[in-house]
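What follows is a set of notes on a single structure, which appears directly below.
Read-outs throughout are calculated quantities, based only on the coordinates presented, and are distinct from any laboratory measurement. Please read all numbers here as calculations on a predicted model, not as lab measurements. Counting neighbours? That spans all protein chains shown, and the Cβs are built from the backbone with ideal geometry, glycine included.
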């Protein structure tokens with residue numbers, strides 16, 4: 001019997017609103033891991049979002065597939081594909097039968113404005129749990145009503161947890177707010193050394209994937225081709241790195257970019273490569289690859305690089321660390337957690353109103369598996385719905401220097417250090433393995449359901465003069 005197993009008829013039923021868990025986005029990947037890892041404790045119904053979903057409205061029972069992955073016999077997991085994240089009419093119809101014990105949502109709060117507008121109606125019956133994230137400071141006061149509209153906030157980064165607490169202020173004591181970092185399945189992503197049964201397969205994979213007779217150093221980029229991921233800067237950084245080591249050594253170095261070659265939300269990477277780095281070995285991979293192939297790719301690489309100027313987490317970094325491969329990353333958002341910066345006492349840093357982020361380089365020492373690149377420009381971006389957010393940009397020159405640092409370690413030292421990353425990411429302190437993430441989600445869901453007090457149908461307020469709020473943390477000098 002699986003530890004913690006609850007018979008199907010006795011499990012709590014969770015209505016999960018997020019990307020279709022059969023898809024391959026970061027949201028879908030993590031949600032699928034949570035569902036699979038807790039299918040012996042909860043029954044799940046996923047309103048699965050996608051753009052122009054071809055199967056909208058159908059209900060697909062994936063309990064059989066879940067049983068194989070979860071190693072049980074009575075999973076209850078269904079997906080209702082939907083064009084977008086749903087609407088009030090859909091949720092009302094699903095809640096009408098009274099089957100669900102909680103709603104769990106996961107992704108940017110702007111997708112849930114319609115749900116927050118009916119939160120009182122929902123929360124007179126069941127709680128709303130939010131697996132949430134926010135990329136950067138200043139604290140988004142424009143999100144306050146969203147955070148107020150849920151019963152629990154599972155923050156996937158330390159920064160997000162502090163943002164939740166700073167924004168809610170005194171109201172935070174009425175919420176369950178916990179740090180629930182993303183977790184990677186250590187049986188899916190793992191190191192492959194010379195003694196591993198898959199070593200010959202890895203050698204063959206590298207030969208077929210990278211068309212170079214000799215390869216000394218491979219950089220991997222695995223993310224979307226969108227502006228905030230800085231794919232153009234990534235190309236430029238690799239070009240500058242190649243210039244640093246000289247033409248002959250550069251012939252034995254390569255970078256693989258697993259992303260869309262051209263995107264309206266990003267750039268035309270082939271044009272960038274051909275114009276700015278025509279002599280560099282930069283190869284593009286845009287076909288979908290499965291998890292075993294992805295693990296092979298991380299093992300083939302010497303380092304995974306992500307220079308995002310805004311990043312809630314950066315899932316490719318965690319996957320890389322789990323596979324025992326070093327990382328180079330811009331210091332922003334949730335990527336800071338994965339680098340494990342330490343304070344004067346050698347303790348993993350936490351954030352506060354006086355120290356909301358390490359993007360200004362307050363602390364430099366971090367886990368040896370990571371080579372940080374600190375932003376040299378922190379500018380304020382925004383839009384009508386998100387009026388302000390810091391955009392943390394590092395220079396391609398600094399990123400190139402970070403690549404050089406990894407390159408000069410040599411293959412044996414890179415592998416030794418990369419394994420330190422896997423050791424830490426699977427540790428109790430990090431909590432970034434799939435089983436720990438699932439335990440955390442289970443605990444928060446159960447606590448939220450058990451302590452839930454239904455909201456009254458209305459409140460009575462005394463009308464007072466409106467007081468405009470302002471951020472309650474340092475903006476500079478930390």
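When 177, 14 are sorted by how many other C-beta atoms sit within 10 angstrom of their C-beta, beginning with the fewest, the order is 177, 14. If the chain linking residue 344 and residue 458 were pulled fully straight, counting 0.36 nm for each residue of separation and taking away their Cα-Cα distance, it would gain 36.1 nm. Across all directions, the average projected area of the convex hull around the alpha carbons of segment 48-126 is 6.2 nm². Shape annotation for segment 1-96: C-alpha extents along the principal axes are 40, 31, 18 Å, from largest to smallest. Roughly how many Å is it from the Cα centre of segment 433-478 to that of segment 133-183, as a whole number? Cα centres, segment 433-478 to segment 133-183: 6 Å.
Each 10 Å bin, from zero up to the one with the longest distance, holds this percent of the alpha carbon pairs of the chain: 4, 19, 29, 26, 16, 5, 1, 0. A simple spin-label model places pseudo-atoms 7 Å from Cα toward Cβ; at residue 365 and residue 111 they are separated by 4.0 nm.
Shape class for segment 42-180, computed from the alpha carbon gyration tensor (a ≥ b ≥ c): prolate, with a/c not under 1.5 and a/b above b/c. Considering only Cα atoms, the convex hull volume of segment 199-425 works out to 132 Å³ per residue. Residues of segment 16-49 with an amide N closer than 13 Å to a point placed 7 Å from the Cα of residue 265 along the Cα-to-Cβ direction: 19, 24-28.
Only DSSP H runs of four or more residues enter the estimate; each adds -39500 (n - 2.57), and after division by the residues of the chain the mean residue ellipticity at 222 nm equals -9500 deg cm²/dmol.
Each of 124, 259 was scored by other Cβ atoms within 10 Å of its Cβ. Arranged with the fewest first, they read 124, 259.
Residues 325, 139, 160 in ascending order of nearby Cβ atoms (within 10 Å, fewest first): 139, 160, 325. Over the chain, Cα pairs under 8 Å with separation of 6+ residues give a relative contact order of 16 percent.
Here's the picture: a label point sits 7 Å out from the Cα of residue 68 along the beta-carbon direction, and within segment 36-52 the residues with their amide nitrogen under 17 Å of it are 36-37. Placing pseudo-labels 7 Å out from each Cα toward the beta carbon at residue 89 and residue 450 gives an inter-label distance of 4.0 nm. Quick one: grab the alpha carbon gyration tensor of segment 182-291, order the square roots of its eigenvalues as a ≥ b ≥ c, and give me rounded if a/c is under 1.5, else prolate or oblate depending on whether a/b is larger than b/c. It comes out oblate by the Cα gyration axes. Derived from the Cα gyration tensor, the three semi-axes of the equivalent ellipsoid of segment 228-320 are 21, 17, 13 Å, largest first. With one equal scatterer per alpha carbon and no solvent term, the Debye-computed log10 I(q)/I(0) for segment 357-468 at 0.14, 0.17, 0.20 1/Å reads -0.96, -1.07, -1.13. At what distance in angstrom do the alpha carbon centres of segment 22-53 and segment 290-334 lie from each other? Going from one Cα centre to the other spans 22 Å.
Site pair residue 96 and residue 386 shows an inter-label distance of 3.6 nm when each label is modelled 7 Å from Cα along Cα→Cβ. The calculated FRET efficiency for the pair residue 5 and residue 429, based on their C-beta separation and a Förster distance of 30 Å, comes to about 0.60.
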